[in-house]
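The values are calculated or read from the model by the stated rules, or taken from the named source; none is laboratory data. This is a predicted model, so every value here is computed, not measured. Please note: Cβ atoms are built from the backbone with ideal geometry, for glycine as well, and neighbour counts cover all protein chains shown. These area figures cover heavy atoms from the full protein model, side chains too; ligands, DNA and RNA do not enter into them. Shrake-Rupley method; radii C 1.70, N 1.55, O 1.52, S 1.80 Å.
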Amino acid sequence: MNDPHGPGPMAETRLTPAQVRALYPGARSQIYLDVAGRCPVGTSVREAIDRHLDMRMLGGDKQAMFALVERTRASFARLINAHPDEVAYTKNISEGLNIAATAIDWKPGDNVVLCAELEHANNVYVWLNLRRRFGVEVRAIPMRNGVYPVQEMAAAIDSRTRLVTVCAVSFAPGLRTDLAPLAQACRRQDVLFMVDGAQSAGMVDSDVERLGIDALAVSTQKGLMGLYGMGFLYVRRRWAERMSPMFLARFGVDLGSKGEAALGDYDFELMPGARRFDLGNYNFLGAAAAEAALDLLHRVGIERIEAHNLMLAERLAEGLQALGLPVIGAPRGAHRCQIVMIGSLGEGHDAADDGAMQSLYEHLSANKVKLSVRRGALRFSIHVYNDIGDIDQVLALVRDWRR
Ligand SMILES: Cc1ncc(COP(=O)(O)O)c(C=O)c1O
């Protein structure tokens, strides 16, 4: 198995963001600023999908498919500086969150600390379900200025807290979370620190060692530039091995080199680390797409991708602010990341709460800018295939609209 801490494949040639852009027709035929919704599929990813389907049209080689799954698992692990044994396959974020949540032995009165106002509903219902089923207390701490109130959340941890959860970057207003104080507080008090990586993985650094993340749920259709219906769940080995999966299937059981349908003793051992959370056959097509997409990310390098995304986001945020638009959060600084939102947070999904913002959204959409509206505000989100020209064209369109 590949060692994620190793140097990576020797044949890997470096790519620039401009070379990635050349593989993304969807980022050249329009101004694509909606990776927070989903990434367009690139040509090398499409080719990998086609190759997989060509193979499957002849029936397909199962051993080759398992090898693909292990290569892609190692590639996910490398992206977040984990070991492949700490990565389980899932179909999306909510499945990853639910797998982790239901593998803990909850007692009535245990609690989870979160900030519901900044979460996607999928990182709230999972905990409300535990509240209903097991009497778990859901401690929701109010947000502060659009960011996670990390000091207050850390202070809310007590002897009954089992888990703290946040997004590394919220889906709205799209600001970056200061993970360190929470990671430290969780580590000190033996609490699982669970992060939703929907809006961060592949776009900004997600090194689980450096950031102190114990569990991370990710899907592949956004920053990982793959398909829907495919994701992964990272769980730090020392946590995973304290957890019992609610669902169990052959791949979660350690039977050494026995076949995929083998049944061992009724008294069985779980697989090491997060592998115990794998269920039945895999989404091989999703793995083929993810492998090709991650190849691009690794070849640019996550540090360079983050620097590129931040440079463009700061240019956009400063440009919009200079035009008098209400940018949420400071254009630069610790909370800025690849998402830039304008307006004020409300309710609207796909329609702005404010008439002026809705008119700007319509003007930009009519001029081939692909962006989204979340919580009533306009959301621009940047990835490696974007360039300065995209940002400057958006700013020029905003200037036109103001006239
Ligand atoms: C922060 C965040 N969490 C979760 C999700 C989606 O969850 P799932 O992958 O379960 O559909 C999104 C999707 O937009 C998101 O932005």
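Figure legend. Inter-residue proximity from region 110-136: first residues free of Cβ contacts under 8 Å to residues at least 24 places away in the same chain, second residues assigned to a helix (DSSP H, G or I), beta-carbon distance below 7 Å, spacing 6+ or different chains. Indicated pairs: Val124/Ala116.
Against the definition (outside the structural domain of Asp205 (by TED's automatic domain parsing), within 16 Å of the ligand (Cβ to nearest atom) and open to solvent by less than 10 Å² (accessible area, probe 1.4 Å)), how does Val45 come out, yes or no? Judged against the criteria, Val45 is not a match. When the residues of region 222-240 are filtered to those that are open to solvent by 10 Å² or more (accessible area, probe 1.4 Å) and in a loop (DSSP other than H, G, I, E, B), the one that is farthest from the ligand (Cβ to nearest atom) is Arg236.
Given the structure, is Gln30 closer than 30 Å to Arg379 by Cα and open to solvent by 10 Å² or more (accessible area, probe 1.4 Å)?
Answer is yes for this residue.
Looking at region 100-123, which of the residues that are within 16 Å of the chain's Cα centre (by Cα) and within 21 Å of Phe277 (Cα to Cα) is surrounded by the most Cβ atoms within 10 Å (Cβ to Cβ)? Checked region 100-123; the qualifying residue surrounded by the most Cβ atoms within 10 Å (Cβ to Cβ) is Ala100. Scanning for something aliphatic (A, V, I, L, M), crowded, with 17+ Cβ neighbours inside 10 Å and not in a loop (DSSP other than H, G, I, E, B), does region 241-251 turn up at least one residue? The answer is no, given that none of the residues of region 241-251 is aliphatic (A, V, I, L, M), crowded, with 17+ Cβ neighbours inside 10 Å and not in a loop (DSSP other than H, G, I, E, B). Reported count of residues in region 260-287, each being over 18 Å from the mean Cα position of the chain (by Cα) and assigned to a helix (DSSP H, G or I), is 6.
For region 207-218, the candidate set comprises residues that are open to solvent by 10 Å² or more (accessible area, probe 1.4 Å) and in contact (Cβ under 8 Å) with a residue 60 or more places away in the chain; within that set, the residue that is nearest to the ligand (Cβ to nearest atom) is Asp207.
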